[in-house]
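Peer 1: Structure provided below as structure tokens; questions to follow.
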């Protein structure tokens, strides 16, 4: 029987932080997923990037699957592996067929989110040399570790064929390794995050934003992978994804750069912020332009404020945190505050207090919200094409700039980003 | 006089699956249009409500309709062959237009 994700999904009250079977989770689209993975590969090199993505996936998945299998009553190794594969598809990551045991084996993938969406987006124009599904590799490795009660970080996985490299299907070799001498990091679960939460608060237009967020959450509760194991909605491929994967990727790369390449950190940070542009443009834009939105909220007036409020509601519904509207002066200034974001709360739990504002997704997304609110012609139902993205975000200096002025990761009572128009 | 219909490919990351359908004339009765579509095999799926129709045919093609604003989006099933999608969208749009005429 297919697993209903609705049964596994929870939100921390008043914080709009999502979890799936007790593991922090968010919704992200394939544009963001591919962009972030590419950023990691560009930063570390293809081989090291792939390894980083694999270990981040394995860690986040192991934490997730441990609780999941307990909740679903999966006891035997076969039950646990089947449970893992079933939920992987329900979350929109594609179909896995795992034929392996405690020593390893193989797995095949059909319509895996990363490989399939990469091929759909770029495959006609670009020839890819390396496989794309490190997340699936890490997930399968974690599933086997859990199923056979193996030590963490002992199962290796390598994708040996991928649809993104124009092969017919994805294939993984799995092999038990000697493990590492470094003890694994303590998992970051929802309960580890809760103790870092600050009191929540309301912002402007709170009733409207909360009402729309509630409506969107009700809509997404019914969303689950189709027969392919993909979620096709709002013009994008959506995944319910593990926040720990994104966060480990992002902050591990930053940490490596702080140690080995500190002069390049500003460039890296700008790319991580750009992931926020990519998400807001494609996913938020797709939602705002959808008939579902029109049915729920009505036609767009052309006024930027409802777009800003709508975007903050979308952020809450996608599990990014309780983003609030603190200030808005059209064409001049936008201030977004949150008592916590999925980034800040992870950083506090895993790394302790930050020394600078490092919620890159919040920064980039807030800037992109200002762009969308002011530069898209909403009464003409804009089409969110690559050309439009390039015109908004890559046509030279942006007309808006963003600064993070407070962060709960730094110990402040709230996170705050200020977006101002460049005169 | 039959209702003219205009089709426009919607931007999405799924090639030629989503189409905007514009009827030259709104149906006299949206309720009657709904009944006509039901008679033609269209039925509701989760999310279907009076303010947002989410209906589909047995072959999986879907319509999302906002009666209040007249917006109609056709969503072809992903199993439809790429080379057939434009023609398929045209056929379904014409079916919709004929149902609107009868409404």
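Peer 1: Looking only at other chains, what is the average number of their beta-carbon atoms within 10 angstrom of each beta-carbon in A:282-293?
Peer 2: Partner Cβ neighbours, averaged per residue: 3.
Peer 1: How would you rank B:72, A:265, going from fewest to most other Cβ atoms within 10 Å of each one's own Cβ?
Peer 2: Ascending number of Cβ neighbours within 10 Å: A:265, B:72.
Peer 1: If I take R0 = 35 Å and measure r between the Cβ atoms of residue A:420 and residue A:252 in this structure, what FRET efficiency does the formula 1/(1 + (r/R0)^6) give, to the nearest 0.05?
Peer 2: So, using R0 = 35 Å, E works out to roughly 0.65.
Peer 1: When the helix-only estimate is applied to chain B (DSSP H runs of n ≥ 4, each -39,500 (n - 2.57), divided by the residue count), what is the mean residue ellipticity at 222 nm, nearest 500 deg cm²/dmol?
Peer 2: -9000 deg cm²/dmol
Peer 1: For the modelled label position 7 Å from the Cα of residue B:45 along Cα-to-Cβ, which residues of segment B:64-103 have backbone nitrogen atoms closer than 14 Å?
Peer 2: B:64-65, B:73-80
Peer 1: Considering Cα pairs under 8 angstrom that are at least six residues apart, work out the relative contact order of segment A:245-359 and quote it in whole percent.
Peer 2: Answer for segment A:245-359 is 16 percent.
Peer 1: For chain A, what does the relative contact order come out to in percent, with C-alpha contacts under 8 Å and a separation of six or more?
Peer 2: Relative CO of chain A lands at 19 percent.
Peer 1: Suppose the chain between residue A:355 and residue A:218 were pulled fully straight at 0.36 nm per residue; how much longer would it get relative to their current alpha carbon spacing?
Peer 2: Stretched fully, the residue A:355-residue A:218 segment lengthens by 45.5 nm.
Peer 1: Relative to the present Cα-Cα distance, how much length would full extension add between residue B:35 and residue B:4 at 0.36 nm per residue of separation?
Peer 2: Difference between extended and current length: 9.2 nm.
Peer 1: So what's the gap between the Cα centers of segment B:14-81 and segment A:58-89, to the nearest angstrom?
Peer 2: Taking the Cα centre of each part, segment B:14-81 and segment A:58-89 sit 38 Å apart.
Peer 1: What number, rounded to the nearest 500 deg cm²/dmol, is the helix-based mean residue ellipticity at 222 nm of chain A, given -39500 (n - 2.57) per DSSP H run of at least four residues and division by all its residues?
Peer 2: -14500 deg cm²/dmol
Peer 1: Is the shape of chain B rounded, prolate or oblate, going by the alpha carbon gyration tensor and its root eigenvalues a ≥ b ≥ c, with a/c under 1.5 for rounded and a/b larger than b/c for prolate?
Peer 2: Prolate, because a/c is 1.5 or more and a/b exceeds b/c.
Peer 1: Let me ask something else. In the Gaussian network model of chain A, springs joining C-alpha atoms below 10 Å, which of A:351, A:15, A:31 carries the largest mean-square fluctuation?
Peer 2: Ranking A:351, A:15, A:31 by mean-square fluctuation puts A:351 first.
Peer 1: While we're looking at this one, here's another question. With a Förster radius of 45 Å, plug the Cβ-Cβ distance of residue A:401 and residue A:103 into 1/(1 + (r/R0)^6) and report the FRET value to the nearest 0.05.
Peer 2: It comes to 0.25.
Peer 1: Here's another thing I want to ask about it. Could you work out how far apart the two model spin labels at residue A:181 and residue A:160 are, taking each label as a point 7 Å from the Cα in the direction of the beta carbon, and quote it in nm?
Peer 2: 3.0 nm
Peer 1: Could you list the residues of segment B:28-46 with an amide nitrogen less than 20 Å from a label point located 7 Å from the Cα of residue A:381 in the Cα-to-C-beta direction?
Peer 2: B:28-31, B:33-34
Peer 1: Suppose R0 equals 41 Å; then what is the FRET efficiency for residue A:390 and residue A:70 from their Cβ-Cβ distance, rounded to the nearest 0.05?
Peer 2: 0.30
Peer 1: Okay, next question. With an 8 Å cut-off on Cα pairs and a minimum separation of 6 or more residues, tell me the relative contact order of chain B in percent.
Peer 2: Rounded, it is 33 percent for chain B.
Since every read-out is calculated from the coordinates, none of them should be taken as a lab result. None of the values given here were measured: they were computed from a predicted structure. Backbone-built Cβ (ideal geometry, glycine too); neighbour counts: all protein chains shown.
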